[in-house]
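Please read the structure below before turning to the comments.
The values are calculated or read from the model by the stated rules, or taken from the named source; none is laboratory data. Quick caveat, the model's predicted, so the values are computed rather than measured. Using ideal geometry, Cβ is built from the backbone for each residue, glycine included, and neighbour counts are taken over all protein chains shown.
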Amino acid sequence: MKSKRQITNQRGIERVGTLVFYPLAISPIHTYNRVMSRILKLYRLQQLDSQLDQNRSRINAIESLMTEEEELRAAEAAVTAAGSLLKEAQQRVRTADQNVRAQRLKIEQTESALYSGSTNNPKELADLQNEISALKRYLWVLEERELSSMEEEEKNQAAETAARQTFSERGAERSRLLAELADEKNQLLESIERLTDQRETARSNIEAGDMNVYSDLRLRRRGLAVALAEDQSCSACGALLTPARVQEASYPNKLVVCDTCGRLLYAQ
């Protein structure tokens, strides 16, 4: 015999004190679905749809980010430009070195003629000395040009090295970003699959007429058909609500809309 605190009703639900035990044939979820208000069902569906919208929007953003390679292309272009400047500087160094070598050869040849003893004519000897002096002065000019070219080559070499380093770093960053984005996209796709299943379950508990109202509002109100009535205002448009309107929004079997934006109101 059951005690006074242990009673079983006709549907087989056993109550012990304040605890309720449901038999396998009747689950708390099924009982909850039957008593869930019309607007609460729509609000739960709205939450799922909003999350799905956010996930899909983020996937679109991820796919856009995965195709954007402006920084990497800019870094690659900088390497190409720096490489071109370096090649030009290297060519100028080679040309300057050739000019210096040629000038030194001229000096050697002229000095050889001066000291060979092949001529004793004072005027010719003076002319050779003057020519050597002029050649040496121009050699100094050529050597300064070569030094300047070498300094420019060093600067361009440093710039090209820095550009290559930047390109390498951008490439590594890009690889890490792509891996992170791919992982996030996969997680979002899994979330969408899970939320879609939940949405189908939630949708199956909504009457056709209410679903039509909801779907129409979703189309006309940028995806948000149900708004919270909180702090005496509509959470979607911010319009103030009368106490009577807030009270109406709490009725379980009545759909109430915001007078300003036309969205369904749900009062928690």
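Quick notes on this one:
- Qualifying residue in the range 145-156 (condition: surrounded by 13 or more Cβ atoms within 10 Å (Cβ to Cβ), of a type outside the set (G, A, S), in a helix (DSSP H, G or I) and at pLDDT below 95): no
- With respect to the conditions (1) exposed (fewer than 13 other Cβ atoms within 10 Å of the Cβ); (2) of a type in the set (D, E); (3) farther than 22 Å from L52 by Cβ, E200 falls short on a single one, namely (3).
- Applying the set (1) more than 24 Å from S64 (Cα to Cα); (2) of a type outside the set (K, R); (3) in contact (Cβ under 8 Å) with a residue 24 or more places away in the chain to T196 leaves exactly one unmet item: (1).
- Qualifying residue in the range 224-233 (condition: touching a residue at least 60 places away in the same chain (Cβ under 8 Å) and either more than 36 Å from the chain's Cα centre (by Cα) or part of a loop (DSSP other than H, G, I, E, B) (or both)): yes
- When each of Q129, Q90, Q98, Q109 is tested for being surrounded by 15 or more Cβ atoms within 10 Å (Cβ to Cβ) and part of a helix (DSSP H, G or I), the lone residue that passes is Q90.
- Among (1) in a helix (DSSP H, G or I); (2) in contact (Cβ under 8 Å) with a residue 60 or more places away in the chain, the one test that P252 misses: (1)
- For M211: the one exception among (1) touching a helix residue (DSSP H, G or I) at 6+ places or on another chain (Cβ under 9 Å); (2) more than 30 Å from T260 (Cα to Cα): (2)
- Residue list for the range 132-149, filter: hydrophobic (A, V, I, L, M, F, W, C) and either under 14 Å from N99 (Cα atoms) or outside the structural domain of E108 (by TED's automatic domain parsing) (or both): L135, L139, W140, V141, L142, L147
- When the range 234-268 is filtered for residues that are over 25 Å from R199 (Cβ atoms), among the charged types (D, E, K, R) and either surrounded by 17 or more Cβ atoms within 10 Å (Cβ to Cβ) or more than 40 Å from the chain's Cα centre (by Cα) (or both), the ones remaining, listed by number, are R245, E248.
- The range 217-268, residues that are within 16 Å of K41 (Cα to Cα) and among the small types (G, A, S): A225, A227, A229, A249, S250, A267
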